[in-house]
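The values are calculated or read from the model by the stated rules, or taken from the named source; none is laboratory data. Computed from a predicted model, the values in this text were never measured in an experiment. Here the Cβ positions follow ideal geometry from the backbone for every residue, glycine too, while neighbour counts run over all protein chains shown. In case anyone asks, the SASA skips ligands and DNA or RNA and just uses the protein heavy atoms, side chains included. Shrake-Rupley method; radii C 1.70, N 1.55, O 1.52, S 1.80 Å.
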Amino acid sequence: MEQQKNIQFITEDLNPTFLFTWKGVRNRTSDSYHCHDHGEIAFVLSGTGKYRIEDEIYTVQEGDLLIFNPGVRHQAMVCPESETPTTEFFVGYSDLKLQGLPANALPVPEGEYMLHTAGELRQRLFKICSSMEAEKAVCKQGKYFMLKAYMIQILLLAIREQCEPMEKLQGCAFESVNRKYVVEQMLNYFEDHYSEKISLDQIAENMYLSPFYISKIFKSETGDTPIRHLINIRLEKAKELLEGGCDGSIQEVAASVGYDDAYHFSKLFKKHFGISPSQVRRKA
């Protein structure tokens, strides 16, 4: 398959709507030869079958990823000579906007409607489909967003498979349209939860980003590291308590701003303000 070169499809926020997912064994030919206004992809998990697509008959087998863009007529068919019918995994989506393509359309190999996957790509698709099936079977908060996140991974893998890797430019800082949003979320979280135990790894996991990445963009946007910023918030809050006439012990003040060790808290406080917590209290 000849890859599309020097094409950047994603130039704005990727925020498609997840419509549905379905897994089934193809025991009979579909009744209808049809098309959709939305986008649809089908991943063949196992077996061999056939598809009628725009009046051409295609043989499909394990690892094939079929892309049905809006208006593409298709019909799933059984393959009589195959000992094993296909098990297929479908995902439907809308509100997909990619540069240079109609609404809800994915890039496809020239003159084709499917990607023949192998190796790491095939394994990743198997894993994502399995995760989507498991998520669909449970009733937990955020179910729709988990399914949407998995769906976006499939869409991105289909796009990447058809494009050459982007050239890494020397000395060019990585930019993201969402970096300011990520930093704002972190700032708000620190302000609201400074009294709790906060793990940068947990914040990164909740944002589906790496700790290294969020640390890097946080410093580029604020000039400070996340941990140093959190320490500053905690110490400022502690100083406000002490100057406000808080009756609690230094240990209690430390605990109220997220520190279990009063000695460690006092060392940080004096290094930051040049005066100990006890001296601030006495002055107040």
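Summed over segment 45-61, the residues that are assigned to a loop (DSSP other than H, G, I, E, B) and modelled with pLDDT of 95 or more give a count of 0. I'm checking my understanding of the structure. Among residues of segment 226-284 that are basic (K, R) and in contact with a Pro (Cβ under 9 Å, 6 or more places away or on another chain), which one is nearest to V183 (Cα to Cα)? Looking at the filtered set, the residue picked out is K239. Can you say whether E205 is assigned to a helix (DSSP H, G or I), modelled with pLDDT of 85 or more and acidic (D, E), as far as the supplied structure shows? So E205 fails the test.
Here is a list: P102, P80, P85, P70. Which entry is under 14 Å from R26 (Cβ atoms), modelled with pLDDT of 90 or more and assigned to a loop (DSSP other than H, G, I, E, B)?
Working: P102 fails: under 14 Å from R26 (Cβ atoms); P80 fails: modelled with pLDDT of 90 or more; P70 fails: under 14 Å from R26 (Cβ atoms).
The conditions single out P85.
Take the residues of segment 74-112 that are charged (D, E, K, R) and under 23 Å from the mean Cα position of the chain (by Cα): which is most open to solvent (accessible area, probe 1.4 Å)? Taking the candidates together, the pick is K97. The listed residues are L96, L65, and the only one of them that is within 23 Å of Y150 (Cα to Cα), in contact (Cβ under 8 Å) with a residue 24 or more places away in the chain and either outside any loop (DSSP other than H, G, I, E, B) or among the charged types (D, E, K, R) (or both) turns out to be L65. For beta carbons closer than 7 Å, sequence separation of 6+ or different chains, a first residue in segment 136-147 that is among the charged types (D, E, K, R) and a second that is in a helix (DSSP H, G or I) and open to solvent by less than 100 Å² (accessible area, probe 1.4 Å), the qualifying pairs are K136/L147; K143/E135.
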